[in-house]
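What follows is a short report on a single structure.
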């Protein structure tokens, strides 16, 4: 078995192994180290001979490494004695295979692992790195590629995160009922950060990185399976599915962004839309939360045959609702875009100018982008051009920047009518 | 990231073997499906009814000829599929290895082509 085969098994087993070992040793950092050692061993030894049960092999080896590490730690001698007694001494190492995982408990343990990885004591970057590493089973190299940072940076984030978890004694358990909703929100926001990095890369020369978005969707599906009664989990999954459904149409052959209005809707992934709508239906059980509302907006686009035939009135209402449950200047800006489509650019410009007056999105390229579009639609060409040029200067994504510059030069000419800059 | 289809292919013998312990086979398959759901990879799974109740539409001649199943000389029968969203071909294969199969059956692992993968000779003719 080659490297790719080991990686494939690890992706499937990572969360279960780290979760089971954390439960077994009570030490998340040690569990993660032991699991990584097992993968490193697999990379060498599977090349010579493939195990009959690769998942069981990884679990048994990781468990052995965990016990080795505990043995080495003299300070933990006492705990080792307990452990050995716990597993009836039976060559305590080595024999823990799939069957030893308590199927009733492993789901909660994987869920607990997600809560630990996304714990509020960790920095946002560390939460992302740790979640992808231990729950998603990605290597440091893969995480570094996903977030366009160096491998040592990712490793440092993970090392620091493990130290923080140990130092602050983050318990390995599901959060108590009183905290559950808030902590779940923390997990969802980590998954959404990963998704948005893939759906609109914050830097670099590519607009979309579907492989990064895929990791978030996969994790959201896992979370939906483990916490099926949480509407917002389904809301996030719906949002991701419906947004990713448009990926095939969002970039041209040369990688340049294609705006929603210009997308060939026949390229949208019908299966992903169907999955997104199904997840949205589950999210709607008790009224929509912030992710569910965003998913409902994405659904309004995904089910519309064209920009003109889109129910913009409904989208305005959904943005208003979103602005109430999760106030944010970005939501107001998007509402302005929807208002422009539903009622015309003048009303929308008033919303944008309010945002600017309150200085609620300083330094963002989005405000001048939208303002420039609206001014162009109102025929105020010189102002439109200045706004779009400002937007280009503020934009970090090269692909988006070149589109903005093109529009800036177009807006100076009495060319075709400008369209909403959504997507 | 790619979508793969695991295509279940049984023979008369392996299908018969499965039917002798169908309850266990169903339980094992359900466990397998649940694992894929929890791993966030399963998109769809379907099992096909008895091929004897199927119909074959044959395009060998000018007009399609419809005959009642089974397929005739076919040795391996398509019995169902799993559609997976996985990180790599190796991961699709690893899931296939884990299927609680009866001896004699096979799983074919095939990648699902994306919407943007139009064969070169039909480029420009639009999409279906």
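The values are calculated or read from the model by the stated rules, or taken from the named source; none is laboratory data. Keep in mind the model is a prediction, meaning the values are calculated, not measured. Reconstructed Cβ throughout: ideal geometry from the backbone, glycine too, with neighbour counts over all protein chains shown.
Here are some residues: B:80, B:40, B:47. Which one is at positive phi and touching a strand residue (DSSP E or B) at 6+ places or on another chain (Cβ under 6 Å)? Even if it seems obvious, please write down each step before you answer.
On the way: B:40 fails: touching a strand residue (DSSP E or B) at 6+ places or on another chain (Cβ under 6 Å); B:47 fails: at positive phi.
None of the others qualify; the one that does is B:80.
Using the structure shown, decide if residue B:52 is under 17 Å from residue B:14 (Cα atoms) and either in contact (Cβ under 8 Å) with a residue 60 or more places away in the chain or more than 17 Å from the chain's Cα centre (by Cα) (or both). Spell out how you get there, then give the answer.
Values: under 17 Å from residue B:14 (Cα atoms): yes; either in contact (Cβ under 8 Å) with a residue 60 or more places away in the chain or more than 17 Å from the chain's Cα centre (by Cα) (or both): yes.
Answer is yes for this residue.
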Original post:
Given (1) farther than 21 Å from residue B:113 by Cα; (2) part of a helix (DSSP H, G or I); (3) in contact with a helix residue (DSSP H, G or I) (Cβ under 8 Å, 6 or more places away or on another chain), where does residue A:217 come up short, assuming only one miss?
Top reply: (1)
Subject >> Residues within the stretch A:31-46 that are surrounded by fewer than 22 Cβ atoms within 10 Å (Cβ to Cβ) and touching a helix residue (DSSP H, G or I) at 6+ places or on another chain (Cβ under 7 Å), tallied >> reply: 6
Original post:
Any residue in the stretch A:53-60 that is surrounded by 24 or more Cβ atoms within 10 Å (Cβ to Cβ) and farther than 24 Å from residue B:88 by Cβ?
Top reply: no
Original post:
Is it true that residue A:270 is surrounded by fewer than 17 Cβ atoms within 10 Å (Cβ to Cβ), farther than 30 Å from residue A:405 by Cα and within 14 Å of another protein chain (Cβ to nearest Cβ)?
Top reply: yes
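If the requirement is being more than 14 Å from the chain's Cα centre (by Cα), within 14 Å of chain A (Cβ to nearest Cβ) and either under 30 Å from residue A:245 (Cα atoms) or touching a residue at least 60 places away in the same chain (Cβ under 8 Å) (or both), which of these qualifies: B:18, B:36? Can you show your working first?
Working: B:18 fails: within 14 Å of chain A (Cβ to nearest Cβ).
The match here is B:36.
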Original post:
Do the conditions hold for residue A:370, that is, is it crowded, with 23+ Cβ neighbours inside 10 Å and touching a residue at least 40 places away in the same chain (Cβ under 8 Å)?
Top reply: yes
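Just to be sure, is residue A:249 touching a helix residue (DSSP H, G or I) at 6+ places or on another chain (Cβ under 7 Å) and under 19 Å from residue A:330 (Cβ atoms)?
On the way: touching a helix residue (DSSP H, G or I) at 6+ places or on another chain (Cβ under 7 Å): yes; under 19 Å from residue A:330 (Cβ atoms): no.
Here the answer is no, as residue A:249 does not meet what is asked.
If you go through the stretch A:253-267, how many residues are at pLDDT below 90 and either more than 11 Å from chain B (Cβ to nearest Cβ) or surrounded by 14 or more Cβ atoms within 10 Å (Cβ to Cβ) (or both)?
Our first condition is that a residue be at pLDDT below 90; within the stretch A:253-267, this holds for A:253-261.
Then drop every residue that is not either more than 11 Å from chain B (Cβ to nearest Cβ) or surrounded by 14 or more Cβ atoms within 10 Å (Cβ to Cβ) (or both), which leaves A:254-261.
Within the stretch A:253-267, residues that are at pLDDT below 90 and either more than 11 Å from chain B (Cβ to nearest Cβ) or surrounded by 14 or more Cβ atoms within 10 Å (Cβ to Cβ) (or both) number 8.
If we keep just the residues of the stretch B:21-33 that are in contact (Cβ under 8 Å) with a residue 60 or more places away in the chain and more than 14 Å from every other protein chain (Cβ to nearest Cβ), which is farthest from the chain's Cα centre (by Cα)?
Just the residues of the stretch B:21-33 that are in contact (Cβ under 8 Å) with a residue 60 or more places away in the chain, to begin with: B:25, B:28-29, B:31-32.
With the extra rule that they be more than 14 Å from every other protein chain (Cβ to nearest Cβ), the set shrinks to B:25, B:29.
Values: B:25: 17, B:29: 14 Å.
Here the residue is B:25.
Could you say which residue among B:96, B:52, B:44 is within 14 Å of another protein chain (Cβ to nearest Cβ), surrounded by fewer than 16 Cβ atoms within 10 Å (Cβ to Cβ) and either modelled with pLDDT under 90 or not in a loop (DSSP other than H, G, I, E, B) (or both)?
Details: B:96 fails: surrounded by fewer than 16 Cβ atoms within 10 Å (Cβ to Cβ); B:52 fails: within 14 Å of another protein chain (Cβ to nearest Cβ).
The conditions single out B:44.
Here's the yes/no breakdown for (1) buried (at least 16 other Cβ atoms within 10 Å of the Cβ); (2) within 14 Å of another protein chain (Cβ to nearest Cβ); (3) within 30 Å of residue B:34 (Cβ to Cβ):
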| residue | (1), (2), (3) |
| --- | --- |
| A:222 | yes, yes, yes |
| A:244 | yes, yes, yes |
| A:247 | yes, yes, yes |
| A:284 | yes, no, yes |
| A:316 | yes, no, no |
| A:331 | yes, no, no |
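Which of the following residues is at the interface with another protein chain (Cβ under 9 Å from one of its Cβ atoms), without any contact (Cβ under 8 Å) to a residue 40 or more places away in the chain and part of a helix (DSSP H, G or I): A:15, A:4? Reasoning before the result, please.
Details: A:15 fails: without any contact (Cβ under 8 Å) to a residue 40 or more places away in the chain.
Of the residues listed, the single one that is at the interface with another protein chain (Cβ under 9 Å from one of its Cβ atoms), without any contact (Cβ under 8 Å) to a residue 40 or more places away in the chain and part of a helix (DSSP H, G or I) is A:4.
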Subject >> Enumeration of residues in the stretch A:144-187 that are at pLDDT below 95 and under 19 Å from the mean Cα position of the chain (by Cα) >> reply: A:144, A:145, A:146, A:147, A:148, A:149, A:181, A:182
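Residue-wise test of (1) in a helix (DSSP H, G or I); (2) touching a strand residue (DSSP E or B) at 6+ places or on another chain (Cβ under 8 Å); (3) in the same structural domain as residue A:348 (by TED's automatic domain parsing).
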| position | (1), (2), (3) |
| --- | --- |
| A:282 | yes, no, no |
| A:288 | no, no, no |
| A:292 | yes, no, no |
| A:296 | yes, no, no |
| A:299 | yes, no, no |
| A:306 | no, no, no |
| A:321 | yes, no, yes |
| A:327 | no, no, yes |
| A:333 | yes, no, yes |
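Conditions (1) farther than 25 Å from residue A:184 by Cα; (2) in a helix (DSSP H, G or I); (3) touching a residue at least 24 places away in the same chain (Cβ under 8 Å), marked per residue:
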{"residue": "A:120", "(1), (2), (3)": "no, no, yes"}
{"residue": "A:126", "(1), (2), (3)": "no, yes, yes"}
{"residue": "A:129", "(1), (2), (3)": "no, yes, yes"}
{"residue": "A:138", "(1), (2), (3)": "no, no, yes"}
{"residue": "A:142", "(1), (2), (3)": "yes, yes, no"}
{"residue": "A:149", "(1), (2), (3)": "yes, no, no"}
{"residue": "A:155", "(1), (2), (3)": "yes, yes, no"}
{"residue": "A:158", "(1), (2), (3)": "no, yes, yes"}
{"residue": "A:162", "(1), (2), (3)": "no, yes, yes"}
**OP:** Output yes when any residue across the stretch A:167-185 is closer than 30 Å to residue A:392 by Cα, more than 14 Å from every other protein chain (Cβ to nearest Cβ) and not in a helix (DSSP H, G or I), and no when none is.
**Re:** no
Original post:
Could you count how many residues in the stretch A:42-53 are more than 10 Å from residue A:1 (Cα to Cα) and within 32 Å of the chain's Cα centre (by Cα)?
Top reply: 1
